[in-house]
Each structure stands twice: as structure tokens, then as C-alpha cells.
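Below: one structure, written as C-alpha cells.
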Amino acid sequence: VGRSPTQCPPAAASTRAAASGGAAPPIIVHAEPITEGDGCPRGSQWSVQKFGGTCVSSAERIAAAAQLVLKAATEGEQQVIVVSAMGSHPDSKVKVTDLLLNMVAKAVRQDEAFLLDLAALQEKHVETAKQVLGNGKLLNEFVSRLLDDISNLKAMLRAISIAGMATDAFADFVVGHGELWCALLFAAACRVQGGDSAFMDTRDVLVVRATADGNNVDVEYDLSNAKLDKWAEQYGAPPIIVATGFIAKDPKGYVTTLKRNGSDYSATILGALFQAGAITIWTDVDGVYSADPRKVSEAVCLDKLSYHEAWELSYFGANVLHPRTTLPAMKYRIPITIRNIFSLEAPGTMIGDYKTADDAAVGQFVKGFATIDDVTLVNVEGTGMVGVPGTASDIFGSVRDAGVNVIMISQASSEHSVCFAVKSEQATAAVDCLEEKFADAIRAGRISHVQKIDNCCILAAVGQQMASRKGVSATMFSALAKANINIRAIAQGSSEYNITILVEQCESVRALRAVHARFYLAQLPVAVGIVGPGLIGSTLLAQIEQQLPKLRENMDLDVRVLGLASSTRMLLSDSGIALDSWRDDFARDAQPVDLTAFATHLARSFIPNAVIIDATAAEQPAEHYEEWMKAGVSVITPNKKAGSGPLARYKAIKAQERQSFQHFFYEGTVGAGLPILATLKHLIDTGDKVVKVQGIFSGTLSYIFNEFKAGGAPFSAIVQQAKEAGYTEPDPRDDLGGTDVQRKVTILARECGMELELDDVPVDSLVPEELQSSPTAEAFLDALPEYDAQMAAKVQAAADSGKVLRYVGVVDCQSGSGSVRLEEFDASHPFAQLQGSDNIIEFTTQRYLTNPLIIRGPGAGAEVTAGGVFSDLLRLAAFLDGPS
């Protein structure tokens, strides 16, 4: 006998459900198979497969889908096949359902062009049938039925055209023919290939009742079960039943449709009626993704979702089943699998009754992210709302009466304001109805305003296990903040199935990428742009290339160079510049440089964490640091121009760093790879008081004065020797003038809290005044020997006192001053023990008063400078929630 679903006792799980990856087993009817004439057999021996429009859009695709069905039938499965109307195909752009809807619209407008559309439909189906069925009885039967339907549709459309209007019943009757023809054709295709199949017109089985708003339908299960039994009495229970999707009848017997996602809904309803063991939705994607793969290239296909997670993701626009579609399957806990007809090896995504903590145990407490674009935030605000019962009811009652759908609601506990989000096209209607409703309150000042904020986007994180995981919201908000994205509104229920935020529309994709990367990428991605691929920049690129495999394997850090810029040209990439061929790529593909566009490219990339490394010594890039940071890009540099340049600019950069999640790291400006600034910051941050910082900060001058001794080679010869060894700049006056040391002293002084301009630091220049205007470096070097006697006298005087000459920079925190000078030091002083071109820095503090803290090592050179910059990059990664 046919039974109502509520009368069916539970039984053991089917093998299909047992292999569902941890899903709770479906409840299955335990009954002996029902013979023909007694009703329809139900139970887990049935599976339901639904083929979407793209799966049946051509003869080849219908034949391939039929082969898939027949293969399962040979393995003993009983199947209910649900099909949509034929979709568009490269060889046939006609999308049947759209064309049927357009025909009704044209008939209402009394546009006779609907006859041309009807002819196009006839041609599409006849040609497809010829290819699928070949010549013979099945083709003749299908074409005969098609022509009868076309004739009836023509009469119906003429009646609509004469009346100039179409009732819902008339429109539903017309639109449902796409599924009707496709199901007839699919059933015939199965028979052509040797299958035992029967066609089911679901208008003879499914009974639904429209909801109060008319936008959805509810299933009448008792009536539908009775009709299914009656259908089985007439047609039996063949191993393959091909049913129409989308269409049904109401309790009065009028043809209707199942509204949005109707064919999917048909599949799950039939799954519930047959009490099937599994439901498969065949489509053109591999399953449900953790985010829209068109926006997030790293999105992954999820292996399973709970029913609740599927609801939430579909509500927020993800390509998942409509929430109502899952309800019939939930009735018997039937798993629904979404699979790709064009990629049969992909397992798809299974949606079921998952209630275990397995996902949380493996870190998948956030399943996916989705966005709703083109949203407007409506804010109702006023002190007169506080403590007044019914205000929220009045707000949302008025919005409901205006036919506006509210997507998201957020209200502070103070009740001072209520804000909600609606689709942008409904925003004006929402504001107008509220201003009318609260006109008296607005005039009296109890409500200050009804405001709408356009160009917004809703972003939702969805996961059933988020409720049991601490810090999910904090992690999500932190990821957005670090990507320089502002949150306008927040909504979260106590169940924590979703966390919903509202951001600006222009930030939609970046916000989605930022939160997805934070929760889903095993490796922390960092987008890098390098300005100045010269000696230091190219050395850094080589170091990154060499170290990248270890960074990915040991530190879960994925560094991608998305941009390179010289003084005249730049090379940009969306996915990453090949580090082993960047020179050739730059020479071939570089475009004119624009440093603003360069930063924008990094800020708008799919990688939420971006940094520009200024590896130049130029002034121009430093002028952009604040602008870059405001755009959401951190800055790392060994360039001293910003740290020692105009104080106002320096303070603006530091202020931007404090008030944002962008960082400004510049360790390489003072000691290349030596941890000078980090040490100074540590001392100050831990409460030590700095008395004085002094050091030999120039590798060039360190080498010169380590070699320049009383009775030794003349000063000019040592300078020439240093130039030939590559220690000096092309023009040695750039080193001997002391400006480089002056910049380093200014940077250190500012780190100590002193507000000094560069010119506030006096410099003892080693370039004789008469030679400062020498036209070339060669002319300077030729004239320098004339001044050897002066330098020899100085070094001899120091030696006579048992001392040595050293060129030092000094920050005197007690006097609040800085200086650069040639100074004598005892032979026992650490500065006197220096060799080669090493730097040495001495920190005198309250803690290190009698025995100052010393840092010594190479302070110049491309390798150590690039290494210092690389260290800053890794330090930045730690601030971005990478490994510390």
C-alpha cells in the first residue's frame, strides 16, 4: 500500500549513505517491494538524479547523460531522473525557458513575434531529437507530441495576445513545456540506448500550494503520495523514471510551477516521495566552493556541507541549492550531492545532516564565504527611539508594506539607531516609506534622520561549527582591517551559523579574498612590489627565489612578486612574476612607470596582504609612502630619504602606520642587515633610557680610517684604493661629505624621540671646501693629494696621544642633539679595534651605562642590505598572522 512519509518507520542505512563521508544515515522505508497495481515501492533502492539545463542543452549532452543513467541502471540502481528545459549551447544559443517567458511577454504586448520564437523552439527540439533518436518510431512519437503541444501553445498565446494579459496559470502552462519536452526526449534517449524507462509528467504527481506571498510553494505530501501511488498503478516501477522538473499542479488542479530553482526542488520532492537513498544534482561546476572561484582563484571545492550551511550560503548568493530545495531531503535526511557532468572524476559536494565536530577538529569551522553585491544600507537614527516599544516593528512593518525585502538587520543595544540592508533598486522605496511613516517624529526631532548609504556589499562567513570556536569573528575582522577594509555594519545570530558584515561595494572582491585567504590558505600570501630592481633590488629577488621553497614548506609563507618598477618603467603581474626570468620579462613587457598605479595594482590584487619595497636611494618613491599606506600597502625600505627627510613627512608616515594596519619597516636604513633600529626600539619599549648612541655608520669611512695610520700611506692614496675596491660611491665625495652618516644620525635621533631636521645635525665634512666644486670625481681625486699634509697632521697628533681617528655619528639624548664628526678614540676603545669596512654602534643607556651595548658587523654591501630588507619582509609576515 502507498504510505504517507509520516507513517514510514526508520530502517538501516543504505550503502550509498554509509559512504557519504560521515553523514548521519538517511531514514529509509523498511517495506517489501510493492507490486504493480498496489502503489509505488519506496526506499533506499531509489536514487534521484537531476540534470540541469546545461547538462541537456544539446543532442550530444543528452546522449551522454543518458549513458550515465544507463550505466547506473546496469549496476542495479533504480533511478528517478529529473530534467530541466534545454539550456543554451555554443551551437544553439536558444535557452528554452527564457524563450518561453519572452513569448508570453510578447503575447501580452500583442507582438506577433512570439510566432517566430515558437518556430525556433520547434526547430531546436526537432533537430535535437533527430540526432538523439535517429529515424524511427521513437522520433515520430516525439515529433508528433511536440507538434501537438506547439499547436496548443500557439492557440494559448493567441488568446493571451487577444486579451492583452496573462494569468499566472496561463503563463505557468506555457513556461512548463520546456521541461515537458526535455523529459520526453530524455526518456526516449534512454530507450534508444536499450534502457527500460518511463516518462513521468510531474503535473500528474506533485501537488503544491502557494505561500502567502506567492513567491514560493509548499508541498502537499499526502496528496502527492496518493498521486504517486496512482501513477505507479498505471505505469509500474521501471528502473528508470524520467520526470519533468519545475512543473506541478495546485490542489485545485491548475498547472503551476515550483518558482525559483524549481527543477532542483522537483528532484528533492521526488526524493522524499520515493524516500530515496541519495539525490544527485548534475550541473556544470565541480560542487559548492568555499568562495566564488571567479573572484577568488584559490577557492576550493567543499567535500561536504550541512543543510544549514547550504541554506546560509545560498541565501548570500553562493551557487548552492535554494534553501527550500533542501527541505524535502531533510525530511528523510537524504544526502544531496552536487556534481559536474563535465568532470565525472570530481566527487562533488555532499549536503547532508552533519552534526559532528569533525570539521572543527580539522580546522574547517568556517565553510565558505559569499557576497551580495549592489546593496544599500538604510539607517534610522534618533534619541527619541530609545526605550520606545514598537519602533522596530513600525520600521520593518512599513518596509514590508512597501514590498521591500530586508537582507540584513543590525541594531545597537542602546536602540539609538536601527540599520538594515536592502537591494539598491529598493532603497528609495524603503527611505520614502520610512520618511512618510515617521514624518511627525522627524519634525519633532525624535528621529534625527532616515539615511541611505549606497554602493555597499554584504559579505558573509558561514559555518556550522563557528559557534564552538573562539575568535572566529575577531579573526575575520582582523583580516579585513589588515587589508585596509572598513566595516560599515555587523550582524550575527547566537547560533553563529553566519557572521555578516557590510562593506563598500568597491571593496567587495578584496574583502572576499582577504577573509578567504585568512581562513583557507595554508600559506600566508604576501604580494610584493619592488621599486628599484638595481643592485640591492636584484640581489633581494635572487634571495627570495632561493629561499621561497623553504618559506612555503617551513613557514607557510607564499611571497609573490606582483610588480617591479625602475625610474622609467614598470612590470605588473596578477599572479606573480617569474623570478628566474624577470629581467627578460621586464625588458620585453614593461610599461611606463606610474608609482600610484603601481601601488593600486598591489592593493587591488587577489592577495590581501601587500607591501612595496623601495630599494632605491631616490627621493621620489619616499614621497609616495603615505599615499601607499593609505591605499592599504605596507612599506619596507633601506632608502634613508623618508626617515631623514622633512620631519612633517616623516611624522605623517608614522602617524599613518599607527592608525592603520599597514607597517613601515626601515631597519636597512641605518645598518643594512645589522639589527640597530630593532635593538634601539627594544630598549626604549622596555623602559630603558637612552643616554647616547654613537657609532661608525659608514663602511667606506670605516675602511679608510682603519687603513689610514700615522706614517702610512697618504690619505688620498687610501681614498683611491677604497674607490678601486668598490667601497665608495662613483664620486667619493658622496662618502667623504658625511651626508650618509648625517641621515643615519637623523633617523636614530628621531627613533629616540628627538624632532630633528636633517640640517639640525652638523657635519664635519672630509671634502676640502675648495674641492667641493670640482667638476668630476676624477678632478677631485687628482687634487686631493694637495691636502694630504693636513690629514697626516691630524692622524699624527692622535697617534702621539695614543689614539686613533674615527669618523663617527653621535646622538646625544641628554642635550637633544646629533652630530657627525672626526673624533679621536683611545687605542683600547672598541671603535679602535675595528677592521675592514665593518660598522660598529655603541648604545649607552641607564641599563648599559658603564659597559655600553655594542653591535658590530658589515654595515654595507648588496648582500647584507638585501638580507636586512628580507628580514623586514619576514617580520611583516609575522605581523600579518604569519609565523613569528
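The values are calculated or read from the model by the stated rules, or taken from the named source; none is laboratory data. Predicted model only: the values in this text are computed from it and were never measured. Glycine gets a Cβ as well: all are built from the backbone with ideal geometry, and neighbour counts include every protein chain shown. The protein model used for the area step is the full one, side chains on, heavy atoms only, and it has no ligands, DNA or RNA in it. Shrake-Rupley method; radii C 1.70, N 1.55, O 1.52, S 1.80 Å.
Filter region 593-647 down to the residues that are hydrophobic (A, V, I, L, M, F, W, C), in a loop (DSSP other than H, G, I, E, B) and within 19 Å of the chain's Cα centre (by Cα) and list them by number.
Across region 593-647, the qualifying residues are Phe606, Ile607, Ala631.
Whether any residue in region 256-267 is part of a strand (DSSP E or B) and of a type outside the set (Lys, Arg) is what I want to check.
Yes, region 256-267 contains at least one residue that is part of a strand (DSSP E or B) and of a type outside the set (Lys, Arg).
Any residue in region 777-800 that is assigned to a loop (DSSP other than H, G, I, E, B) and either over 26 Å from Ile684 (Cα atoms) or open to solvent by 20 Å² or more (accessible area, probe 1.4 Å) (or both)?
Looking through region 777-800, none of the residues is assigned to a loop (DSSP other than H, G, I, E, B) and either over 26 Å from Ile684 (Cα atoms) or open to solvent by 20 Å² or more (accessible area, probe 1.4 Å) (or both).
Restricting attention to region 406-438, and to residues there that are in a loop (DSSP other than H, G, I, E, B) and in contact with a helix residue (DSSP H, G or I) (Cβ under 7 Å, 6 or more places away or on another chain), which single residue is nearest to Gly214 (Cα to Cα)?
Looking at the filtered set, the residue picked out is Glu415.
Leu147 passes all but one of (1) modelled with pLDDT of 95 or more; (2) over 26 Å from Arg109 (Cα atoms); which number fails?
Every listed condition holds for Leu147 apart from (2).
Can you go through Leu680, Leu756 and tell me which one is at negative phi, modelled with pLDDT of 95 or more, in contact with an Asp or Glu (Cβ under 6 Å, 6 or more places away or on another chain) and not polar (S, T, N, Q)?
The unique qualifying residue is Leu680.
Residue under question is Asn455, and the condition is that it be open to solvent by 30 Å² or more (accessible area, probe 1.4 Å) and either in a loop (DSSP other than H, G, I, E, B) or free of Cβ contacts under 8 Å to residues at least 12 places away in the same chain (or both); does it hold?
no
Where residues in region 754-773 are part of a loop (DSSP other than H, G, I, E, B) and without any contact (Cβ under 8 Å) to a residue 40 or more places away in the chain, which of them is surrounded by the most Cβ atoms within 10 Å (Cβ to Cβ)?
Val767
When you scan region 534-553, how many residues do you find that are at pLDDT 95 or above, under 26 Å from the mean Cα position of the chain (by Cα) and open to solvent by less than 50 Å² (accessible area, probe 1.4 Å)?
Total meeting the criteria: 1.
With (1) open to solvent by 10 Å² or more (accessible area, probe 1.4 Å); (2) modelled with pLDDT under 90; (3) among the small types (Gly, Ala, Ser) as the list, and Gly463 as the residue in question, which single condition is left unmet?
All conditions are met except number (1).
Which numbered condition trips up Asp213, out of (1) surrounded by fewer than 24 Cβ atoms within 10 Å (Cβ to Cβ); (2) under 20 Å from Ile334 (Cα atoms)?
Here Asp213 meets the rest and fails (2).
Within region 286-298, which residues are surrounded by 20 or more Cβ atoms within 10 Å (Cβ to Cβ) and at pLDDT below 90?
Val296
Could you tell me whether Phe705 is touching a strand residue (DSSP E or B) at 6+ places or on another chain (Cβ under 7 Å), touching a residue at least 40 places away in the same chain (Cβ under 8 Å) and open to solvent by less than 40 Å² (accessible area, probe 1.4 Å)?
Yes.
State whether one or more residues within region 263-275 are of a type in the set (Asp, Glu), buried (at least 22 other Cβ atoms within 10 Å of the Cβ) and in contact (Cβ under 8 Å) with a residue 40 or more places away in the chain.
Yes.
Considering only region 150-162, how many residues are touching a residue at least 24 places away in the same chain (Cβ under 8 Å) and either farther than 15 Å from Gln110 by Cα or touching a helix residue (DSSP H, G or I) at 6+ places or on another chain (Cβ under 7 Å) (or both)?
Here the count works out to 6.
Filter region 216-230 for residues that are outside any loop (DSSP other than H, G, I, E, B) and open to solvent by 40 Å² or more (accessible area, probe 1.4 Å) and give the result.
Residues satisfying the conditions are Asp218, Tyr221, Asp222, Leu223, Ala226, Lys227, Lys230.
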